[in-house]
Amino acid sequence: MLRPLFQRWRQYREQRLLARHAIPDTLWQLTLLRYPFIGQRSADDLAELRRLCSLFLASKEFHGAGGFEVTDEIAVYVAAQACLPILKLGLQWYDGFVGIVMHEGQVVVPREEMDEDGVVHAYEDSFSGEAMPGGPLVLAWSEVSPEAHEERLEGFDPVYSVVIHEFAHVIDMRDGTLNAAPALSTRDAQADWQATLQAEWEWFYQQVDAGYATVIDPYGADALDEFFAVAVEAFFVAPRGLKQEQPQLYRILRDFFRQDPAGL
């Protein structure tokens with residue numbers, strides 16, 4: 001008796017949230033136009049994505065840093081890209097954080113690093129996004145905006161989504177560790193994932209080291225966890241190119257995300 005009551009309460013609550021955070025048709029269509037890799041999805045996928053976006057907006061808190069104003073357009077642009085990877089997995093994959101901090105431009109932070117002789121060197125580092133355990137998640141609007149995406153397209157480099165990259169890290173950290181191994185349901189799936197991802201990363205590293213062009217951003221050669229994040233970018237932004245260049249990598253991502261964007 002309790003379970004049906006709880007289910008009805010959850011449905012009622014969800015319907016209220018969807019109504020309260022409904023995305024206007026004009027804004028939704030603009031989002032699909034400005035980010036073509038999203039707009040090419042099927043009608044059913046887009047309907048589910050729009051539902052998830054509304055629930056995402058209901059559960060996350062956007063903050064503008066340094067006086068930056070997070071408009072409805074910016075929030076929906078972020079939500080659409082963030083929810084694409086969990087389209088078939090569910091919004092619970094993002095339960096571990098609430099806050100999203102938006103900066104107008106790249107974030108510059110002071111860093112310190114000790115060399116082999118024990119000397120500490122101070123320097124400034126800049127980044128476009130950062131995901132931390134428990135949040136908040138940080139994004140630079142200058143790198144997330146449709147204009148930034150269009151510039152990459154014009155430069156023949158379509159594999160670019162800072163939002164997807166950082167939310168791939170969130171997915172990776174769901175089990176508490178940033179290790180390029182998101183939580184998988186079986187030991188066989190875990191073993192297949194680890195063996196395939198390692199082999200694909202080693203091949204990719206060799207290509208980057210030799211100076212060859214790759215579908216995946218060369219930044220992925222830095223570490224296995226970054227390789228996972230840029231591979232997820234490629235899977236959703238340039239799936240056909242990724243499938244052609246690294247079919248086994250595409251396979252494990254397809255099986256994990258339960259999506260086949262190259263087949264659309």
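A short reminder: the numbers here are calculations on the coordinates, not readings from a lab. Since the model is a prediction, treat every value here as computed from it, not as a measurement. Cβ coordinates were reconstructed from backbone atoms using ideal geometry, including for glycine residues, and neighbour counts include every protein chain displayed.
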Starting from the eigenvalues of the Cα gyration tensor, five times each then square-rooted, give me the equivalent ellipsoid semi-axes of the stretch 17-154, largest first, whole Å. 32, 17, 15
Normalising by the residue count of the chain, find the relative contact order in percent from Cα pairs under 8 Å and 6+ residues apart. 15 percent
Taking 185-198, 217-230, 163-176, 86-99 and ranking on average Cβ neighbours within 10 Å, highest first, one gets 163-176, 217-230, 86-99, 185-198
If the viscosity is 1.567 mPa s and the temperature 4 °C, what translational diffusion coefficient in µm²/s does Stokes-Einstein give for the chain when Rh comes from Kirkwood over Cα pairs? 66 µm²/s
Tilt of helix 224-237 relative to the longest C-alpha principal axis of the chain, in degrees (0 to 90, nearest 10)? 50 degrees
Specify the angular offset, from 0 to 90 degrees and rounded to the nearest 10, of the alpha carbon long axis of helix 72-83 from the longest principal axis of the alpha carbons in the chain. 70 degrees
Tally the DSSP beta bridges in the chain and give the antiparallel ones as a percent, rounded to 5. 60 percent
May I ask for the angle, rounded to the nearest 10°, between helix 162-172 and the longest principal axis of the chain, with both axes built from Cα atoms and the value confined to 0 to 90°? 90 degrees
What ranking do 61-73, 130-142 get when scored by the average of other Cβ atoms within 10 Å per residue, highest first? 130-142, 61-73
In debye to the nearest 20, how big a dipole does the stretch 179-264 give about its Cα centre with +1 on each Lys and Arg Cβ and -1 on each Asp and Glu Cβ? 380 debye
How much FRET efficiency would the formula 1/(1 + (r/R0)^6) give for residue 113 and residue 148, where r is the Cβ-Cβ distance and R0 is 30 Å, rounded to 0.05? 0.55
Based on the mean of other Cβ atoms within 10 Å per residue, sort peptides 74-81, 51-58, 29-36 so the most packed one is first. 74-81, 51-58, 29-36
In the chain, taking the dipole from +1 charges on Lys and Arg beta carbons and -1 charges on Asp and Glu beta carbons about the Cα centre, the listed residue (43, 235, 135) farthest towards the positive end is 43
Can you give me the three principal axis dimensions of the stretch 179-264 from its C-alpha atoms, in Å, biggest first? 37, 29, 16
Within-10-Å neighbourhood charge of residue 263 [Cβ basis; K, R +1; D, E -1]: +2
